[in-house]
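What follows is a set of notes on a single structure, which appears directly below.
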Amino acid sequence: IPWLGVDENTVLTNRQKISANGVLQWSTIRRLTEEVMQRMTVKAASSETPIGTLSGGNQQKVVIGRWVYAASQILLLDEPTRGVDIEAKQQIYRIVRELAAEGKSVVFISSEVEELPLVCDRILLLQHGTFSQEFHAPVNVDELMSAILSVH
């Protein structure tokens, strides 16, 4: 939500963790937000900075951090690197790899074929809504591109 601060956006998904008897615990919110900002390498003047004023990459990292904070075991990331700079992409790749190493399942949807082998252990190609091919790491980008072109 663009007009809310990084802090409020971070805790949107789990109000139970940050309130006691219906009262928001701002010290808990600030602590958790700082943890998320540090882990996700969010660049903002403060945790109260409206998310809409951040770069696209930092906005993406806050949104991903929101779901990491919610202790989600499965994350569906649809085009998480679209429209972000190279540095933010690298940071998102790092975060995805860390989440997978922690045992979380990450479904990473991307139209940027070159980035899939960087973050995916397994790549599934879809054709008309059904799986047409499966690749396991390490994946050669040229083979992947060839398979994609033969599907279309």
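No lab work stands behind these numbers, since they all come straight from the coordinates. All of these numbers come straight from a predicted model, not from anything done at the bench. Ideal geometry is used to build each Cβ from the backbone, glycine not excepted, and the neighbour counts take in all protein chains shown.
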3J(HN,Hα) from dihedral phi, region 106-114, Karplus parametrisation 6.51/-1.76/1.60, rounded to Hz, x for glycine, proline:
10, 9, 10, 9, 8, 8, 8, 4, 4
Run the numbers for residue 98 and residue 78: contour at 0.36 nm per residue of separation, minus the present Cα-Cα distance, in nm.
5.4 nm
Short version: ³J(HN,Hα) in whole Hz for each residue of region 72-88, in order, from phi by Karplus 6.51 cos²θ - 1.76 cosθ + 1.60 (θ = phi - 60°), x for Gly and Pro, what are they?
5, 8, 10, 10, 10, 10, 9, 6, x, 10, 5, x, 10, 6, 4, 4, 5
Please give the calculated 222 nm ellipticity per residue for the chain, where each DSSP H segment of at least 4 residues contributes -39500 (n - 2.57) and the sum is spread over every residue; nearest 500 deg cm²/dmol?
-13000 deg cm²/dmol
Using a Förster distance of 41 Å, how high is the FRET efficiency between residue 13 and residue 140, based on the Cβ-Cβ distance and rounded to 0.05?
0.65
To the nearest 0.05, what FRET efficiency results for residue 85 and residue 149 with a Förster distance of 25 Å applied to their C-beta separation?
0.35
Over the chain, equivalent-ellipsoid semi-axes from the Cα gyration tensor in Å:
34, 16, 13
If the cut-off is a Cα-Cα distance under 19 Å, which lysines reach residue 89, setting aside same-chain residues fewer than 8 apart in sequence?
43, 61
Pairing the Cα long axis of helix 26-39 with the longest principal axis of the chain, what angle in degrees results, from 0 to 90 and rounded to the nearest 10?
30 degrees
Treating the beta-carbon of each Lys and Arg as +1 and of each Asp and Glu as -1, no other charges, what is the dipole magnitude of region 6-120 about its Cα centre, to the nearest 20 debye?
380 debye
Between 76, 136, 33, whose Cα lies farthest towards the positive end of the dipole of region 1-138 when Lys and Arg beta carbons carry +1 and Asp and Glu beta carbons carry -1, centred on the Cα centre?
33
